[in-house]
Amino acid sequence: MRFRFPRITFFRGLAFRYSIFFLIAIVMILFVPLVIGYGSASVLLFIKAQKEATILTEQTVARFKNVLQPTELVPQTLVQAMENPNINAGEVLRIARDFVRHDTVVFGTCLAFEPYLGGKDSYWYAPYAFEKHGRLTTRILGSSDYDYFKMDWYRLPKLLNMPVWTEPYYDAGGGDTLMCTYSTPVYRNVGGKRIFTGVLTMDVSLSSFSRMVKSVNIFKTGYGVLISRQGKIIASPRPVMNNQNILDITRVGKGKLTQLAVRGMMAGKSGFSSMDGLEAKKFPSFLSYAPVGKTGWSFGILFPEEELYDDMYKFLKVMSWMFGISIFILLITTILITRKMTRPIVRLVEATHKIGQGDFNAKLPVRKSKDEVAQLTRAFGVMQDELRNYIHHLEVTTTEKEKIESELKVAHNIQMGMLPRGFSTPDNWDLFATLDPAKAVGGDLYDFFYLDADHLCIAIGDVAGKGVPASLFMMVTRTLLRAKAVAGTPINLVMQSINHELCQDNPSQMFVTFFAGIVDLKTGEMEFCNAGHNYPYVLGSGEQIRQLKVRNGLPFGIYDTADYTSSKFSFNPGEILVLTTDGITDALNITNDFFGEAKLAASLTALASKNTRALTELLIGELKRFSSGAEQADDITILALQYKTAAGAMPPPAQTVQLTLLNQVSELDKLAARIEELSGTWNIPPKTGMEVNLVLEELFTNVVFYAFDDQHEHTIIIDFVLTDVHQLLIRLEDDGKPFNLLETKVDDVIDKPLEERQIGGLGVHFVRKMMDSVEYRRDGDKNIVTLTKNF
Amino acid sequence: MEINEIKTDQCVIIGITGRLDTTNYSVLEKKIMELIDNNSTKILVECSKMDYISSSGLRILLMGLKKITLMKGKFALCGLQENISEIFEISGFTSIFDIHASTEDALKVF
């Protein structure tokens, strides 16, 4: 399965993440000074507001004092003057009246006397001068209805022996207005004694204070409030509050701070504190207050807390917006920048995808700068080049390996091709040999060939080692045998000569064990020489088995001067000589047991009655069963030669004859020979024999040339059956590709002029023309052609 | 199969003895090509001692005929045995080849 790179979405990308980290850092960095700034700004604002409020309070109080100063000073002066007995009370009154006329806040004055001290006949005597509608009017106060002796403005100064400011009151009988009265006790010297005579009052209209209080502005809705000693609200811009007692207002629904502030005010202290405000609703507010001179009044300035910070909040709001917008712009910019920075990486990733999918020429993004991404890209480029080179190298080596393998196959074919295949022997001899290589190219060999008509040379050998070197050594040995073994040369001398040659140039110190024998086909005598090879077996009739345990010299390739002797063996009729290599005894099964000599001897004994081909193939079959599952470790070679009967004792002619041919053109000679032989024994006319020969040659060559795609050896079996005295049935069987000759169109080929004549199809044409019947069938993996020919 | 070659004034006579089949047709092929290469464009194949021919052999004779005809030469056969004649008949070659009963007859056409 190919690995898929996950698609990088924007929110998982580096650009986004870097931007977020960057922004978080910036917000953190900016947040701290912002908080500190906010804190210190609010503290500064508070201090500034406190200062401002205090100053304003003091200024206002000073204004009050300015206004009230004459109101207090004038009576005190007059009262002092009155202590002098020479001063007339009427004179005092006149001065007081002038003062009223000129002063803005004082609208009335009264000189109230003790009983009978103002006039001898009057209990009450209190001349009162007051301004009304711009004119100064005088009236004498005091009656049973208006008993001023009980009033505060008279009672308190008398009692306390000091000037007193009264609480605000509405004077119904006197000034008919809301006012406060400053009463100063009057003393006269009567006979050296200082006697309380009465009081001199100054009535102050509160409406002018109201104007002053109303003119006090602080912040947006901040306002002033003037209260009396007992908490009565003298003046405020809030009409609801006038004439109310501040204690009543603040009694319900207000917090402790408010109570404290109000009490501080009423105690004549000055200060600055936070409170809940004086309105019905709670507005967290600040209160700055201070006493107004000796009046016992207190002036306060109230303003809502939020107004104090209003500007700051406004500023903060703007700041926040700007901050937000800046961060947003910063975010966008960072994303754009990081994207620009990571774009080459993204391109690199895309190129890497392509490389991963096998496109080694995928173009990498070009970076001219020398940053890390460029370095990474360059590193990738180097990697890509190396990968490309590596793949190229791999391709080359693979091709070479394939070439070597195919060459090995060719070598195998050459090696196998060198081994003789035609097992044609006189009828009283039966020969079969096989070589089953462990790897593609083996080190075993066998050979047999005629030295002359009566002498057959047989040989078997085993080169130590396997593979190409062993194979080459094997081929050299075999070639030397063919060159040196000539009729009349004793086998030991042949062997000596081969060994000498092999030792001449043997740099890799290879050696080969070898057995060779020359069999006199007439007598059944064999002269043999065993150069360190496995002992051959001899199978007699009646399950007798023995070995030719003779050593005639060292294996080839060890000493170039080694001597070889020869031994003799005489075949008894029916005996089979079996030559093997140690590939059989050394064959291993999956539990690593050897096949061994004992098992080989037992197997051969059991197979003694078979012909050589059957014996060989059955033995190999047994070996394969034994080692099934285990890898074949060594070449397996068997050569079997049987001396069937004494020469000349020919078997009676059979009505059925089978001919097995290999897929080689040279086998045609055998075919021709067999047909000639059959023509004699079955009385077939020469013309018929020739036609049969011709047809079989056509069919056989067709199979040899076209039926097989491989290079392997195949057999083609031809059965001849004499079904009648004058009818021959021929069956031809091959395991090649399916081919039905009856489907080939040939008739139109025949009548064409020379220029267009092709030879193809002529063979099939012969088959049809010359045979009496032709049948074709496919049986499993075999083509079977059945022919009949009458004669 | 054995091949002998007699050069006369008129032509080259190639005598075939024995079997001409898939195993040995190349010998004849080589011989004919050799003659063609030496500009011998008049060839008579003497078949009286040829006792077998397969399609491989016929192919070589056909090849020789085609090449020589292209070179405006002469390619003839003579002395075919009865069996061989029949094979020529079956293959339709009798109408293509210039076949003569004897060497003497054949030499007249060169």
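Throughout, read-outs are computed from the coordinates displayed, never taken from laboratory work. All values reported here derive from a predicted model rather than from experimental measurement. Every residue, glycine as well, gets a Cβ built from its backbone with ideal geometry; the counts of neighbours run over all protein chains shown.
Report, ordered by chain and residue number, the lysines lying within cross-link reach of A:LYS522, taken as a straight Cα distance under 25 Å and ignoring same-chain residues fewer than 8 apart.
Hits, sequence-local ones excluded: A:LYS484, A:LYS549, A:LYS568, A:LYS610, A:LYS644, A:LYS670.
For a quick check of your reading of the filter: which chymotrypsin sites (Phe, Trp or Tyr not before Pro) in segment A:319-379 sit in a DSSP loop and have no more than 15 other Cβ atoms within 10 Å?
Details: sites: A:TRP321, A:PHE323, A:PHE328, A:PHE360; in loops: A:PHE360.
Within segment A:319-379, the qualifying chymotrypsin sites (Phe, Trp or Tyr not before Pro) (loop, at most 15 other Cβ atoms within 10 Å) are A:PHE360.
For segment B:48-69 and segment A:129-166, write down the distance between their C-alpha centroids in whole Å.
So the two Cα centres are separated by 175 Å.
Using DSSP, restrict attention to beta bridges with both residues in the protein assembly as shown and report what percent are antiparallel, rounded to the nearest 5. List each step's numbers first, then the result.
Numbers: 139 of 157 bridges.
Rounded to the nearest five, the antiparallel share is 90 percent.
Give the residue from A:ILE498, A:ALA562, A:ALA640 lying farthest towards the positive end of the charge dipole for segment A:489-643; charges sit on Cβ (+1 for Lys and Arg, -1 for Asp and Glu) and the dipole is referred to the Cα centre.
About the Cα centre, the residue reaching furthest to the positive side is A:ALA640.
A:GLN632 versus A:ALA487, label points 7 Å from Cα toward the beta carbon: distance in nm?
Between A:GLN632 and A:ALA487, the simple spin-label model gives 3.7 nm.
Would you mind getting the Kirkwood hydrodynamic radius of the protein assembly as shown from its Cα pairs, rounded to one decimal in Å? Mind dumping the intermediate values first?
On the way: mean 1/r = 0.0232 Å⁻¹.
For the protein assembly as shown, inverting the mean 1/r across all distinct Cα pairs yields 43.1 Å.
Once the Cα atoms of helix A:14-82 and of chain A are each reduced to a long axis, what angle between those two axes, in degrees from 0 to 90 to the nearest 10, is obtained?
In chain A, helix A:14-82 runs at an angle near 0 degrees to the longest axis.
Stick to Cα atoms and the Kirkwood definition of Rh, then tell me Rg/Rh for segment A:49-319. Spell out each step's value before the answer.
Numbers: Rg = 21.5 Å, Rh = 20.1 Å.
Result for segment A:49-319 is an Rg/Rh of 1.07.
Quick one: which residues, 5+ away or cross-chain, put their amide H under 5 Å from the amide H of A:ALA235? H built at 1.01 Å from N.
The list, which skips near neighbours in sequence, is A:LEU226.
Under a straight-distance cross-link criterion of Cα-Cα below 19 Å, which aspartates and glutamates are reachable from B:LYS7, leaving out those fewer than 8 residues away in the same chain?
Cross-link targets: B:GLU29, B:GLU34, B:ASP37, B:GLU46, B:GLU104, B:ASP105.
Quick one: angle between helix A:686-706 and the longest Cα principal axis of chain A, in degrees between 0 and 90, rounded to 10, please.
Roughly 20 degrees, rounded to the nearest 10.
Tell me which of A:MET275, A:LEU78, A:VAL216 sits at the most positive position along the dipole axis of the protein assembly as shown, charges placed on C-beta atoms (Lys, Arg +1; Asp, Glu -1).
A:LEU78
For segment A:56-145, run through the trypsin sites (Lys or Arg not before Pro) and keep only the ones in DSSP coil with at most 16 other Cβ atoms within 10 Å of their Cβ. Spell out each step's value before the answer.
Details: sites: A:ARG63, A:LYS65, A:ARG94, A:ARG97, A:ARG101, A:LYS120, A:LYS132, A:ARG135, A:ARG139; in loops: A:LYS120.
Those that pass, being in a loop and sparsely packed, are A:LYS120.
In peptide A:560-572, what is the residue-averaged number of other protein chain Cβ atoms found within 10 Å of each Cβ?
Numbers: counts 0, 0, 0, 0, 0, 0, 0, 0, 0, 0, 0, 0, 0.
Per-residue shielding by partner chains comes out at 0.
What's the angle, to the nearest 10 degrees (0 to 90), between helix A:612-626's Cα axis and the longest principal axis of chain A?
In chain A, helix A:612-626 runs at an angle near 20 degrees to the longest axis.
Loop only per DSSP, at most 12 neighbouring Cβ atoms within 10 Å: give me the trypsin sites (Lys or Arg not before Pro) in segment A:156-255, ordered by residue number.
Values: sites: A:LYS158, A:ARG188, A:LYS193, A:ARG194, A:ARG211, A:LYS214, A:LYS220, A:ARG229, A:LYS232, A:ARG251, A:LYS254; in loops: A:LYS220, A:ARG229, A:LYS254.
Within segment A:156-255, the qualifying trypsin sites (Lys or Arg not before Pro) (loop, at most 12 other Cβ atoms within 10 Å) are A:LYS220.
Return the calculated 222 nm mean residue ellipticity for chain A, to the nearest 500 deg cm²/dmol, obtained by summing -39500 (n - 2.57) across DSSP H runs with n ≥ 4 and dividing by the residue count. Walk me through the numbers on the way to the answer.
Values: 17 runs with 328 residues, N = 791.
Computed mean residue ellipticity for chain A: -14000 deg cm²/dmol.
Based solely on its DSSP helices, what 222 nm [θ] is calculated for chain B when runs of n ≥ 4 H residues each add -39,500 (n - 2.57) and the sum is averaged over all residues, nearest 500 deg cm²/dmol? Write out the running numbers ahead of the final one.
Working: 4 runs with 46 residues, N = 110.
After summing the helix terms and dividing by the residues of chain B, the value is -13000 deg cm²/dmol.
Where does the longest stretch of chain A lie that holds no GluC sites (Glu not before Pro) found in a DSSP loop with 16 or fewer other Cβ atoms within 10 Å?
Counting only loop sites that pass the neighbour cut-off, the longest clear stretch is A:280-542.
When Lys and Arg each count +1 and Asp and Glu each count -1, what net charge do the other residues less than 13 Å away from A:GLY277, Cβ to Cβ, add up to?
Details: positive: A:ARG238, A:LYS254, A:LYS281, A:LYS282; negative: A:ASP276, A:GLU279, A:GLU305, A:GLU306, A:GLU307.
For residues surrounding A:GLY277, the net value is -1.
Please find the FRET efficiency linking A:MET319 to A:HIS712, where r is the Cβ-Cβ separation and R0 is fixed at 56 Å, and quote it to the nearest 0.05.
Numbers: r = 95 Å, r/R0 = 1.69.
Efficiency, from the Cβ-Cβ distance: 0.05.
Counting other beta carbons within 10 Å of each residue's own, what order do A:TRP682, A:TRP153, A:TRP429 fall into, fewest first?
On the way: A:TRP682 17, A:TRP153 25, A:TRP429 20.
Listing A:TRP682, A:TRP153, A:TRP429 from fewest to most nearby Cβ atoms yields A:TRP682, A:TRP429, A:TRP153.
Name the residues whose placed amide hydrogens come within less than 5 Å of the amide hydrogen of A:GLY574, ignoring near sequence neighbours (fewer than 5 apart) on the same chain.
Answer set, sorted by chain and number: A:TYR643, A:LYS644, A:THR645.
On a straight-distance basis, which lysines could pair with A:LYS363 in a cross-link, Cα separation under 17 angstrom, same-chain partners fewer than 8 positions away excluded?
Reachable lysines: A:LYS354.
Report Rg/Rh for chain B, rounded to two decimals, where Rg is the Cα radius of gyration and Rh the Kirkwood radius. Show your work: numbers first, answer last.
Numbers: Rg = 12.5 Å, Rh = 13.6 Å.
The Rg/Rh ratio comes out at 0.92.
Spin-label point model (7 Å from Cα, Cβ direction): what's the A:GLN509 to A:SER207 distance in nm?
Using points 7 Å along Cα→Cβ, the separation is 14.6 nm.
If one computes the Cα centroid of segment A:51-100 and of segment A:439-501, what distance in Å separates the two points?
Using only Cα atoms to place each centre, the spacing works out to 160 Å.
Go through segment A:317-327 residue by residue and turn each phi into a ³J(HN,Hα) via Karplus (6.51, -1.76, 1.60, θ = phi - 60°); whole Hz please, and just put x for glycine and proline.
4, 4, 4, 4, 4, 4, 4, x, 5, 4, 5
Using only alpha carbon pairs under 8 Å that are at least six residues apart, calculate the relative contact order of segment A:56-135 and give it in whole percent. It would help to have the intermediate numbers written out before the result.
Numbers: 65 pairs, mean separation 15.7, N = 80.
Reported relative contact order: 20 percent.
Peptide B:17-23: average number of partner chain Cβ atoms within 10 Å per residue?
On the way: counts 0, 0, 6, 0, 10, 10, 10.
Per residue, the average neighbour count from other chains is 5.
What FRET efficiency would be calculated for the residue pair A:SER567, A:ASP735, taking the C-beta separation as r and a Förster radius of 45 Å, to the nearest 0.05? List each step's numbers first, then the result.
On the way: r = 42 Å, r/R0 = 0.94.
Once the sixth-power term is evaluated, E becomes 0.60.
Can you tell me the FRET efficiency between B:MET33 and A:ALA673 if r is taken as the Cβ-Cβ distance and R0 is 35 Å, rounded to the nearest 0.05?
Details: r = 30 Å, r/R0 = 0.85.
The calculated FRET efficiency here is 0.70.
Considering only DSSP beta bridges whose two residues both sit in segment B:2-109, what percent are antiparallel, to the nearest 5? Don't jump to the answer; show the numbers that get you there.
Details: 6 of 22 bridges.
Of the beta bridges lying entirely in segment B:2-109, close to 25 percent run antiparallel.
Of A:LYS220/A:LYS281; A:LYS193/A:LYS294; B:LYS30/B:LYS108, which pairs sit farther than 25 Å apart, going by alpha carbon to alpha carbon? Walk me through the numbers before you get to the answer.
Details: A:LYS220/A:LYS281 17 Å; A:LYS193/A:LYS294 29 Å; B:LYS30/B:LYS108 27 Å.
Table pairs above 25 Å Cα-Cα are A:LYS193/A:LYS294; B:LYS30/B:LYS108.
Report the charge-dipole magnitude of chain A in Debye, nearest 20, computed about the Cα centre from +1 at each Lys and Arg Cβ and -1 at each Asp and Glu Cβ. Provide the component values of the computation, followed by the final result.
Working: 83 positive and 87 negative charges, 1998 e Å.
That gives a dipole near 9600 debye.
Read phi for every residue in segment A:89-103 and hand back ³J(HN,Hα) as whole Hz from Karplus 6.51 cos²θ - 1.76 cosθ + 1.60, θ = phi - 60°, with x for Gly and Pro.
Working through the residues one at a time gives 5, x, 4, 4, 4, 4, 5, 4, 5, 4, 4, 4, 4, 9, 7 Hz.
Below 8 Å between Cα atoms, with a sequence gap of 6+, how large is the relative contact order for segment A:49-319 in percent?
Details: 523 pairs, mean separation 44.5, N = 271.
The value is 16 percent.
Charges on Cβ only, +1 for Lys and Arg, -1 for Asp and Glu, centred on the Cα centroid of segment A:49-319; of A:MET151, A:ILE195, A:TYR289, which one is farthest towards the dipole's positive end?
So the residue furthest toward the plus end is A:TYR289.
Relative contact order for chain A: what is it in percent, counting Cα pairs under 8 Å that are at least 6 residues apart? Walk me through the intermediate numbers first.
Numbers: 1312 pairs, mean separation 55.2, N = 791.
Averaging sequence separation for qualifying contacts and normalising by length gives 7 percent for chain A.
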